[in-house]
Amino acid sequence: MGLFASEYEGKRVFHKTPAEIEIMRQANTLVSKTLAHVGTMLKAGVTGEMIDKAAEEFIRDHGGKPAFKGYHGFPSTLCVSYNDIVVHGIPGKREFKETDVVSVDCGVELEGFFGDAAYTFAFAGISEDVVDLLETTYASLYLGIEKAVHGNRIGDISFAIQDYCERKHGYSVVRDLVGHGIGRSLHEDPEVPNYGRRGKGFLMTEGLAIAIEPMINMGVKEVYQDSDGWTIHTRDRKPSAHYEHSVVVQKGKADILSDHTFLLEAIKNNAELQEILPKS
Ligand code: MG
Ligand code: MG
């Protein structure tokens with residue numbers, strides 16, 4: 001789940017101890033395994049409601065609590081955002097099609113700490129230009145993570161993502177929603193925008209936990225909110241992509257707490273999906 005830009009102001013930033021980071025790693029591992037479970041289920045004809053129910057059972061069976069359910073009244077365990085839906089899609093009765101891209105965003109609370117990660121799944125029938133949007137967005141997530149090191153500023157992450165997606169590849173960064181700090185709350189300070197200037201913004205030091213989540217549109221950057229009060233669509237109804245990891249800032253290299261390898265394995269074993277990897 002992303003954060004509406006400037007929704008969360010004036011809060012303090014809490015750095016995590018090594019013991020807290022290990023609990024967060026467990027919460028994020030449960031998120032990662034839940035996304036993998038969803039990856040085994042995604043087939044044409046399956047609905048958002050079906051994967052949402054399975055995800056909730058999976059999380060509760062493993063001792064966690066769905067973090068999104070009830071968050072500001074959000075009704076579901078997962079955000080399921082297909083095609084022109086950017087983020088915050090409410091799982092419903094629409095059946096997936098073999099030409100869909102589906103961002104699945106999952107949050108878990110475990111022992112008082114939160115995990116948050118997302119992956120945009122691709123059915124086998126999507127067009128090459130949509131594959132390129134997904135691979136570019138996924139690559140930008142890792143370019144952002146490369147900048148999440150002790151002594152850098154949030155703007156270094158923001159710039160890396162924006163420069164790669166907009167200047168190098170001609171896509172658009174959504175401005176209205178941003179990444180965020182994470183820990184004892186799902187959304188903490190600082191905000192982590194996917195656009196910005198190098199060397200600006202909050203100074204990152206070791207133990208800062210943040211969720212980095214580029215939301216990148218094929219067409220215009222503008223979005224609008226559905227009448228359901230949640231679902232965010234692209235204004236031009238062109239496709240959008242979304243990938244997210246929760247990471248901890250460390251010296252030299254960020255520690256990625258969420259692990260996409262589980263879901264990439266699930267995709268390999270699901271003939272209806274194609275594996276999307278970061279563009280090289
Ligand atoms: Mg999320
Ligand atoms: Mg998030």
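The values are calculated or read from the model by the stated rules, or taken from the named source; none is laboratory data. All of these numbers come straight from a predicted model, not from anything done at the bench. Cβ atoms come from the backbone with ideal geometry, glycine included; neighbour counts cover every protein chain shown. The area values use the complete protein model at the heavy-atom level, side chains included, leaving out ligands, DNA and RNA. Shrake-Rupley method; radii C 1.70, N 1.55, O 1.52, S 1.80 Å.
Figure legend: label point modelled 7 angstrom from the Cα of Lys93 along Cα→Cβ; residues of segment 19-47 with amide N under 18 Å from it are 45-47. Of Val46, Val80, Val223, the residue with the greatest mean-square motion in the GNM of the chain, using alpha carbon springs below 10 Å, is Val46. Ranked by solvent-accessible area (1.4 Å probe, protein heavy atoms only, all chains present), the residues Val220, Val173 order from largest to smallest as Val220, Val173. Residue ranges 138-151, 105-118, 191-204 sort as 105-118, 138-151, 191-204 when ordered by packing (mean number of other C-beta atoms within 10 Å per residue, highest first).
With R₀ fixed at 45 Å, the C-beta to C-beta distance from Lys53 to Val220 puts the FRET efficiency at about 0.85.
Projecting the Cα atoms of Ile59, Leu110, Thr99 onto the charge dipole of the chain (Cβ charges, centred on the Cα centre) puts Leu110 farthest toward the positive pole. Modelled this way, with points 7 Å down the Cα-to-C-beta line, the labels at His15 and Lys43 are 5.0 nm from one another. Any of Lys33/Lys221; Lys16/Lys221; Lys33/Lys97; Lys53/Lys253; Lys168/Lys253; Lys69/Lys268 with alpha carbons more than 27 Å apart? Name them for me. The answer is Lys33/Lys221; Lys16/Lys221; Lys53/Lys253; Lys69/Lys268. Each residue, Arg237 and Glu22, gets one label point 7 Å from its Cα in the Cβ direction; the gap between the two is 5.3 nm. Diffusion coefficient (Stokes-Einstein, Kirkwood radius over C-alpha pairs, 37 °C, 0.692 mPa s) for segment 111-240: 213 µm²/s, rounded to a whole number. The modelled label-to-label distance for the pair Lys251/Glu265, using points 7 Å beyond Cα in the direction of Cβ, is 3.3 nm. Rolling a 1.4 Å probe across all protein chains gives Cys165 an accessible area of roughly 0 Å². Treating each Cα of segment 3-274 as one equal point scatterer and applying the Debye formula with no solvent, the log10 of I(q)/I(0) at q = 0.16 Å⁻¹ comes out as -1.23.
Calculated mean residue ellipticity at 222 nm for the chain: -8500 deg cm²/dmol, from DSSP H runs with n ≥ 4 weighted as -39500 (n - 2.57), summed, divided by the residue count and rounded to 500.
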